[in-house]
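Data block below; observations after.
The values are calculated or read from the model by the stated rules, or taken from the named source; none is laboratory data. Small disclaimer: the values here were computed from a predicted structure and weren't measured. Don't worry about glycine lacking a Cβ; one is built from the backbone with ideal geometry, like all the others, and counts go over all protein chains shown.
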Amino acid sequence: MRWGMPWYTPWGRSEESPSTPPPAGSPGFPPSRSLDVDYDILTRTGLQCAPKAHEHLGTSPRGTVRFSIGPFNTGAHTLAAIKAVGEIAAQRN
């Protein structure tokens, strides 16, 4: 667990598309909506075309909230996302 939430990354490489499951018992993906509406951070939710991988991770059928970090994102963008996730997690605990 990092920043109050479990994280999954491809091949354990944290710099590529990290994702986290939505909180247990929550309808839909409130962290994703909150990231978009409250923090202007876009994410992708669901199984991301990998249902078997999610079955293996135990995140099926709901999937995860995925962050896609690309060449045009800066360190400041990443830190803002980390801070936002921490704030959302703190509100839910």
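Among the residues of region 35-63, which ones are outside any loop (DSSP other than H, G, I, E, B), out of contact with any Lys or Arg (no Cβ under 9 Å at 6 or more places or on another chain) and surrounded by 11 or more Cβ atoms within 10 Å (Cβ to Cβ)?
Going through region 35-63, the residues outside any loop (DSSP other than H, G, I, E, B) turn out to be 35-39, 44-46, 51-57.
Filter again for out of contact with any Lys or Arg (no Cβ under 9 Å at 6 or more places or on another chain), leaving 35-38, 51-53, 55-57.
Passing the criteria: Leu35, Asp36, Asp38, Pro51, Ala53, Glu55, Leu57.
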Give me a count of the residues in region 64-81 that are in a loop (DSSP other than H, G, I, E, B) and within 9 Å of Thr43 (Cβ to Cβ). 2
Tell me which residues, restricted to region 23-34, are surrounded by 13 or more Cβ atoms within 10 Å (Cβ to Cβ) and at pLDDT below 65. Pro23, Phe29, Pro30
Being of a type in the set (A, V, I, L, M) and over 13 Å from Ser19 (Cα atoms) narrows Ile82, Ile41 down to just Ile41
Lone unmet requirement of (1) exposed (fewer than 15 other Cβ atoms within 10 Å of the Cβ); (2) at pLDDT below 85; (3) of a type in the set (Lys, Arg) for Lys83: (2)
